[in-house]
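*Asks:* Have a look at this one before I ask anything.
The values are calculated or read from the model by the stated rules, or taken from the named source; none is laboratory data. Just so it is clear, the structure is predicted and the values come from calculations on it, not from any experiment. A quick note on method: Cβ atoms are made from the backbone with ideal geometry, for glycine too, and the neighbour counts reach across all protein chains shown. Heavy atoms of the whole protein, side chains included, go into the accessibility calculation; ligands, DNA and RNA do not. Shrake-Rupley method; radii C 1.70, N 1.55, O 1.52, S 1.80 Å.
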Amino acid sequence: MVTSPVVNTYPLSSYTFGTKEPKLEKDTSVADRLARMKVNYMKEGMRTSVEAILLVQEHKHPHILLLQIGNTFCKLPGGRLKPGENEIEGLKRKLTSKLGANSPALQPDWQIGECVAIWWRPNFETVMYPYCPPHITKPKECKKLFIVHLSEREYFAVPKNLKLLAVPLFELYDNVQRYGPVISTIPQQLSRFQFNMITT
């Protein structure tokens, strides 16, 4: 795990993007997802998920890589941990599954940094909070967001049914309608970091 107040960001143009087989979503709607979460909760208890903040730069401004599903919905790469799985190893597994190439030689070197935000889902609803409300004794999900320090050159293989977007921080900031409460608060979470814009 890398902990540093400085995040090196490299130009978007220094990364290579390819495609791979589609990664189909397990759920076709939010209601389906919440229903599946309820079933899994009965079997395994609280869902623990990890997501990655992958930073690049364009015009010396930090951008975050988001996966877009369909025309509107964006999410951070990551997902649910297996019961008892280590957060760092689990996030590496999820990132490789979402963005890693099928060839071992092209696998990105995921340098997982610190956890910058923890979100809680009190009930089987879409609402999440950046704290666990005191009257909730059995939250349904805990989601942790980690900074991932990218190397200067990486190859990302994007599933054919998804798009990988580089979205500037100013576009995310306070844009809850478009990105939801978790992604739209990432600029605040990153405000304590210093971005080192490397333009080689």
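*Asks:* Every residue in the range 30-76 that is among the polar types (S, T, N, Q), open to solvent by less than 50 Å² (accessible area, probe 1.4 Å) and more than 14 Å from the chain's Cα centre (by Cα), please. Quick ask: steps written out before the conclusion?
*Replies:* Here is the first cut: in the range 30-76, the residues among the polar types (S, T, N, Q) are 40, 48-49, 57, 68, 71-72.
Narrowing the set further to residues that are open to solvent by less than 50 Å² (accessible area, probe 1.4 Å) leaves 40, 48-49, 57, 68.
Result: N40, Q57.
*Asks:* Moving on. Starting from the range 10-31, keep only residues that are over 22 Å from N102 (Cβ atoms), then list their pairs with residues that are assigned to a helix (DSSP H, G or I) whose Cβ atoms are within a distance under 9 Å, requiring at least 6 positions of separation or different chains.
*Replies:* D27/R33; D27/L34; D27/A35; D27/R36
*Asks:* Name the residue that is modelled with the lowest pLDDT, counting only residues in the range 1-11 that are under 20 Å from H59 (Cβ atoms) and open to solvent by less than 40 Å² (accessible area, probe 1.4 Å).
*Replies:* Only one residue tops the list, namely V7.
*Asks:* Consider Y131 carefully, then state whether it is of a type in the set (S, T, Y), over 15 Å from the mean Cα position of the chain (by Cα) and under 30 Å from S14 (Cα atoms). Talk me through it step by step, then tell me what you get.
*Replies:* Values: of a type in the set (S, T, Y): yes; over 15 Å from the mean Cα position of the chain (by Cα): yes; under 30 Å from S14 (Cα atoms): no.
No: the conditions fail for Y131.
*Asks:* Taking the condition of being exposed (fewer than 13 other Cβ atoms within 10 Å of the Cβ) and either touching a helix residue (DSSP H, G or I) at 6+ places or on another chain (Cβ under 6 Å) or polar (S, T, N, Q) (or both), how many residues in the range 77-89 meet it?
*Replies:* The qualifying residues number 2.
*Asks:* While we're on this one: Looking at the range 90-105, which of the residues that are polar (S, T, N, Q) and under 17 Å from L164 (Cβ atoms) is most open to solvent (accessible area, probe 1.4 Å)?
*Replies:* N102
*Asks:* Only residues that are among the charged types (D, E, K, R) and either open to solvent by 60 Å² or more (accessible area, probe 1.4 Å) or without any contact (Cβ under 8 Å) to a residue 12 or more places away in the chain (or both): list them for the range 106-158, please.
*Replies:* D109, E125, K138, E152, R153, listed by residue number.
*Asks:* Same structure, new question: Among the residues of the range 172-184, what is the count of those that are over 20 Å from V30 (Cβ atoms) and crowded, with 16+ Cβ neighbours inside 10 Å?
*Replies:* The qualifying residues number 1.
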